[in-house]
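Below: the structure, in structure tokens.
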Amino acid sequence: MTAVSPMRAPAHLSTLLPQNTTVYLAQHWPLLRQRRQAFDENALLVICLCAEWCAVCRDFKPEYSALAQQHPKTLFAYIDIEDDEALIGALELDDFPTLVVFRGDALVHFGIVKAKRSNIVQLLQKLNASPPQPLSPPPTLQTLCAAVTGHQIAAPTPDSRTASTR
């Protein structure tokens, strides 16, 4: 595994976030990493990948925020794929929104979802009811995985399940 230097939140950054922040944006990534360390190691981190130019994404963003407020034991992040390239690297998406879900350092979901709160609630219920086996991320997802976990996740092996957006 290749080590990735951990990002530390500058002291002043915490003053930029309201106390009741429920959805972390890319500029708050160091704080999200700190908050993850304080959470249960099996807590889910749900990352919504969208684009500002996408009308579906713009309409969905308030619903996503409301969903985050209803699930305080789950961390939520929202990443704009064009503005936040440093976090996503060479990842190309076929459709929006796309969700990336981690349980601890394990990738457990990567795929397109319909932009409805009920669909994400159903996915969260499924992931919490019977935790799935970790997925091996495709190579294009490695940059985001490293940003989340602080290290590179092992490359897929022939017998491992690989995440796909299809």
Practice item. Determine which single condition TRP53 fails, assuming it passes every other condition in (1) of a type outside the set (Lys, Arg); (2) surrounded by 14 or more Cβ atoms within 10 Å (Cβ to Cβ); (3) farther than 17 Å from ARG117 by Cβ. Key: (2)
Study note, to complete from the structure: Selection over region 52-103 where residues are closer than 18 Å to THR143 by Cα and among the small types (Gly, Ala, Ser) yields a count of 4
Exercise for review: For ASP59, indicate whether it is exposed (fewer than 11 other Cβ atoms within 10 Å of the Cβ), in a helix (DSSP H, G or I), of a type outside the set (Ser, Thr, Tyr) and at pLDDT 80 or above.
Suggested key: yes
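Let's see how each residue does on (1) touching a Lys or Arg at 6+ places or on another chain (Cβ under 8 Å); (2) of a type in the set (Ser, Thr, Tyr):
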{"site": "GLN70", "(1), (2)": "no, no"}
{"site": "LEU75", "(1), (2)": "yes, no"}
{"site": "TYR78", "(1), (2)": "yes, yes"}
{"site": "LEU87", "(1), (2)": "no, no"}
{"site": "PRO97", "(1), (2)": "no, no"}
{"site": "VAL101", "(1), (2)": "no, no"}
{"site": "VAL113", "(1), (2)": "no, no"}
{"site": "ASN119", "(1), (2)": "no, no"}
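The values are calculated or read from the model by the stated rules, or taken from the named source; none is laboratory data. Because the structure is a prediction, the values reported are computed rather than measured. With ideal geometry, Cβ positions are generated from the backbone for all residues, glycine too; neighbour counts draw on all protein chains shown.
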